[in-house]
Amino acid sequence: MRILALGDIVGTASIDYLQKHLWEFRSREKIDFVVANGENATEIRGLCARDAKALLDTGIDVITLGNHSFGMRDIYPFLEDEERVIRPANYPPQAPGAGYVIVEVQGFRLLGINVAGRVYLEPLASPFDTVDRILEREKGNYDLAILDIHAEATSEKLAMGYYFDGRVHMMFGTHTHVPTADEQILPRGSGYVTDLGMCGPKNSILGTRCEDVIDRFRFLLPTHFHVGDGPIEAMGAIFDVDPFASRVEKVTRVRF
């Protein structure tokens, strides 16, 4: 089984790019399932219902979110109705939507979980305890598990990776928009990479127009950020999985 995880999608130009190229990439690389983080897809500030529907048509099977989950008000009822879009599970239970989903892939049950880190982000519930509870609650209901750790600190992501090694089969970080070069198989067989990077304008600063970010650093004044222009690059990782052994055989970073 081959599972593709894509980093944070930035702006509608990136949605258009994926509409044109993702199905072709899936076919060429024999990808069975795609998960992608969509929290910046609506011009950096969240994900609206229209863009969520468009992303699900590009070849993405499950969309994860992050600290901008609720930036667009019309996503609230959409999250209640569409189980393929999940927000961090460690938000309060009153938050719209769900933090995990179970889908079928090649006859196997895949548990997809989304959590947000707490270092330099909102003081949510513990992502460690949250995932522990989900794994216990769904015990016997899934064959493989995958986790998007939407977090700022690399140490927090790595800590979760080692803590859930052997229990969550595929783990990857999102949020920083910069891919890390530490793709690996952890000691107990889980595939892991600290950050996937992003799907966004190549000539930008984290997907944002360079001059906007430079002005913010130089002058320390409130700045309206715009999505960068120019060619789009998609970043992520492919997890090659032996579903019968519940083990990841290989993790490969990709850019296209």
Six or more apart or on different chains, Cβ atoms under 9 Å: show the pairs whose first residue is in segment 31-54 and under 21 Å from Ile102 (Cα atoms) and without any contact (Cβ under 8 Å) to a residue 60 or more places away in the chain and whose second is crowded, with 19+ Cβ neighbours inside 10 Å and among the polar types (S, T, N, Q).
Val34/Thr58; Gly38/Thr64; Ala52/Thr42
Starting from segment 211-237, keep only residues that are in contact (Cβ under 8 Å) with a residue 40 or more places away in the chain, then list their pairs with residues that are exposed (fewer than 14 other Cβ atoms within 10 Å of the Cβ) and not hydrophobic (A, V, I, L, M, F, W, C) whose Cβ atoms are within a distance under 6 Å, requiring at least 6 positions of separation or different chains.
Met235/Arg255
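Any residue that is of a type outside the set (Gly, Ala, Ser), part of a loop (DSSP other than H, G, I, E, B), touching a Phe, Trp or Tyr at 6+ places or on another chain (Cβ under 7 Å) and in contact (Cβ under 8 Å) with a residue 60 or more places away in the chain - is there at least one of those in segment 140-149? Even if it seems obvious, please write down each step before you answer.
Within segment 140-149, the subset of a type outside the set (Gly, Ala, Ser) is 141-144, 146-149.
Applying the additional criterion that residues be part of a loop (DSSP other than H, G, I, E, B) yields 141-143.
Going one step further and asking which of them are touching a Phe, Trp or Tyr at 6+ places or on another chain (Cβ under 7 Å), we end up with 143.
After this cut, where a residue has to be in contact (Cβ under 8 Å) with a residue 60 or more places away in the chain as well, the list is 143.
Yes: segment 140-149 contains one or more residues that are of a type outside the set (Gly, Ala, Ser), part of a loop (DSSP other than H, G, I, E, B), touching a Phe, Trp or Tyr at 6+ places or on another chain (Cβ under 7 Å) and in contact (Cβ under 8 Å) with a residue 60 or more places away in the chain.
Of all residues in segment 6-31 being crowded, with 21+ Cβ neighbours inside 10 Å and of a type in the set (Val, Ile, Thr), which is nearest to Asn114 (Cα to Cα)?
Kept after step one, since they are crowded, with 21+ Cβ neighbours inside 10 Å, are these residues of segment 6-31: 6-11, 14-15, 17-18, 22.
Those still in the list that are of a type in the set (Val, Ile, Thr) too: 9-10, 15.
On the way: Ile9: 16, Val10: 18, Ile15: 21 Å.
Here the residue is Ile9.
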Subset of segment 168-183, residues more than 16 Å from the chain's Cα centre (by Cα) and either free of Cβ contacts under 8 Å to residues at least 24 places away in the same chain or surrounded by 15 or more Cβ atoms within 10 Å (Cβ to Cβ) (or both), comes to Asp182
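Would a scan of segment 72-83 turn up a residue that is farther than 15 Å from Val131 by Cα, crowded, with 17+ Cβ neighbours inside 10 Å and touching a residue at least 60 places away in the same chain (Cβ under 8 Å)? Before you say what the answer is, go through the steps one by one.
As a first pass, look at segment 72-83 and keep what is farther than 15 Å from Val131 by Cα: 72-83.
Then drop every residue that is not crowded, with 17+ Cβ neighbours inside 10 Å, which leaves 72, 75, 78-79, 82.
Subsequent filtering for residues that are touching a residue at least 60 places away in the same chain (Cβ under 8 Å) retains none.
No: zero hits.
Regarding segment 187-205, can at least one residue be identified that is of a type in the set (Lys, Arg) and surrounded by 18 or more Cβ atoms within 10 Å (Cβ to Cβ)? Walk me through it before giving the result.
Step one: filter segment 187-205 for residues of a type in the set (Lys, Arg), giving 188, 202.
Subsequent filtering for residues that are surrounded by 18 or more Cβ atoms within 10 Å (Cβ to Cβ) retains none.
Within segment 187-205, not a single residue is of a type in the set (Lys, Arg) and surrounded by 18 or more Cβ atoms within 10 Å (Cβ to Cβ).
For every residue, the table says whether it meets (1) part of a loop (DSSP other than H, G, I, E, B); (2) over 21 Å from Ile15 (Cβ atoms); (3) touching a Leu at 6+ places or on another chain (Cβ under 7 Å); (4) of a type in the set (Phe, Trp, Tyr).
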| site | (1), (2), (3), (4) |
| --- | --- |
| Val213 | no, yes, no, no |
| Phe217 | no, yes, no, yes |
| Pro222 | yes, yes, no, no |
| Glu249 | no, yes, no, no |
Quick one: how many residues across segment 150-169 are outside any loop (DSSP other than H, G, I, E, B) and not charged (D, E, K, R)?
9
Complete set of residues in segment 104-134 that are outside any loop (DSSP other than H, G, I, E, B), under 19 Å from the mean Cα position of the chain (by Cα) and crowded, with 17+ Cβ neighbours inside 10 Å:
Val105, Leu110, Leu111, Gly112, Ile113, Asn114, Val115, Ala116, Pro127, Thr130, Val131, Ile134
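Throughout, read-outs are computed from the coordinates displayed, never taken from laboratory work. Because the structure is predicted, anything quoted here is derived from the model rather than measured. Using ideal geometry, Cβ is built from the backbone for each residue, glycine included, and neighbour counts are taken over all protein chains shown.
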